[in-house]
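First the structure, in the form of structure tokens, and then the observations on it.
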Amino acid sequence: MSSVHIRLHNPLTPPLNLRRPFRRSSFAIACLNVEVEAENSSALRLDSSKLGLAKEVMEAEAKVLVGTYARAPVVLASGKGCKLYDVEGREYLDLSSGIAVNSLGHGDEDWLKAVVEQASTLTHVSNMYYSIPQIELANRLVAASFADRVFFSNSGTEANEAAIKFARKFQRHSNPDAKEPATEFICFSNCFHGRTMGALALTSKEHYRSPFEPVMPGVTFVEYRNIQATKELIQRGKTAAVFVEPIQGEGGIYSATKEFLQFLRSACDEAGALLVFDEVQCGLGRTGYLWAHEAYGVYPDIMTLAKPLAGGLPIGTVLVTERVASAINYGDHGSTFAGSPLVCNAALAVLDKISNPSFLASVSKKGLYFKEILKQKLGGSSHVREIRGFGLIIGIDLDVPATPLVDACRNSGLLVLTAGKGNVVRLVPPLIITEQELDHAAEILSQALPVLDR
């Protein structure tokens, strides 16, 4: 383990002339200038003077933030590699990666250099002007994929919103004489495409949609991987696009089959519909392939990408073929912040590392290793129904809710997520994780399993 020291500097002078009096609380003084130094040591030393700090932070959060998140009771202050440290000095092995975002872990030196250098040069200019990092990143993405052109946004849900618009515009462009061009979409059970209104309409879980209905009409859900049922729904003049995740993350770590994706490709071609792969969570190296669909040898018309690309900075990307791009004109879509020099330079640093063949090979190797040790340590439990996944996106399917196991792991220094209907433990560690760290994670999971019997 590591020894953790928390140093507090003098607080910044409070800003003046605010409309309401501003008083910096004691936890804010502590949190704003916390430095956590991890040193090799056999024991973890907690700073006893900070042991009440987390409670104070959580109480303050409840007073000032909209209550949209059911957060774990941890206040994180620092991270390095695959380790995170909270404000009270506890160390955690991070197998959540900020929900599959921090593929290079925390504090990667090359990423940090790219961010600092670009921040000191030029951060934002809007898309009214050209900027070099944006063009460089687009060139790299095109060279590394099926795509001919790229559109940048700020998140995965924004990328899917753009894909919705592009699909509908493509149908109008391709069928100029049609009285009513195709406008409808096919999506699948357990899918998740985002929380903004268009992407929300494509998301199958009813409890996400129902509080905000009516959502965008024209979306039909069908069982994931069910070729026969899907065959009857994809229709010329009706279906604008089919949205599918090659590997479902939020839905429970379910993988498509090659036969299923090949069928979708053929059916879309026959109906004049577009095939959209949502790789927001499963793309960019997480499967051991740069793009998850490469494992199946099936290629889309549009791919959406987001989470890991900029290493923790907000980005979304829509990769499209020339055929799709030709339907899009000036003013059809846009974004103020998307593709900023700062974010794109960070993304270049991430893409440089992850696209290296040896890096991708290491992800595949570690994914196989991790699944094997998980099966050895957890497979004998009556509560474990299946351990599935691809590369370093792995799900442990339980016959009971996963939350008690997730909580027990956190209390033992391991951060993991849930998925599916709350009964799947989702493991999406940084892609740089070592086999030794995977061993440690598997051991904590194994020791925590008895909590499910209670």
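Using the alpha-carbon positions of region 131-278, Rg (one decimal) and Dmax (whole number) come out as 15.6, 48 Å.
The equivalent ellipsoid that matches the C-alpha gyration tensor of region 47-137 spans semi-axes of 32, 18, 13 angstrom, in descending order.
Beyond 17 Å, what share of the Cα-Cα pairs of region 216-320 remains, rounded to the nearest whole percent? I get 53 percent for the Cα pairs in region 216-320 exceeding 17 Å.
A protection proxy built from the mean count of other Cβ atoms within 10 Å ranks the segments 260-267, 160-167, most packed first, as 160-167, 260-267.
Using a probe of 1.4 angstrom and keeping all protein chains present, the accessible surface of region 112-260 works out to 51 square angstrom per residue.
In units of the compact-protein estimate 2.2 N^0.38 Å, region 411-454 shows a Cα radius of gyration of 1.24. Only helical runs count toward this figure. For the chain, summing -39,500 (n - 2.57) over DSSP H runs of n ≥ 4 and dividing by all residues gives -10000 deg cm²/dmol at 222 nm.
Looking at region 278-404, the accessible area is 35 square angstrom per residue; that uses a 1.4 Å probe and ignores ligands, DNA and RNA. Considering region 263-374 at the alpha-carbon level, its Rg and Dmax are found to be 16.3, 53 Å. Our compactness index for the chain, the C-alpha radius of gyration over the empirical 2.2 N^0.38 Å, is 1.02. Based on the Kirkwood approach, the hydrodynamic radius assigned to region 346-454 is 14.4 Å, with every pair of different Cα atoms included. Ligands, DNA and RNA left out, the 1.4 Å accessible surface of region 322-454 is 52% carbon and sulfur atoms.
The values are calculated or read from the model by the stated rules, or taken from the named source; none is laboratory data. Bear in mind that the values here come from a model prediction, so they are computed numbers and not experimental data. So basically every Cβ, Gly included, is an ideal-geometry build from the backbone, and we count neighbours across all protein chains shown. For the accessible areas, the whole protein counts, side chains as well, though only heavy atoms, and no ligand, DNA or RNA atoms are used. Shrake-Rupley method; radii C 1.70, N 1.55, O 1.52, S 1.80 Å.
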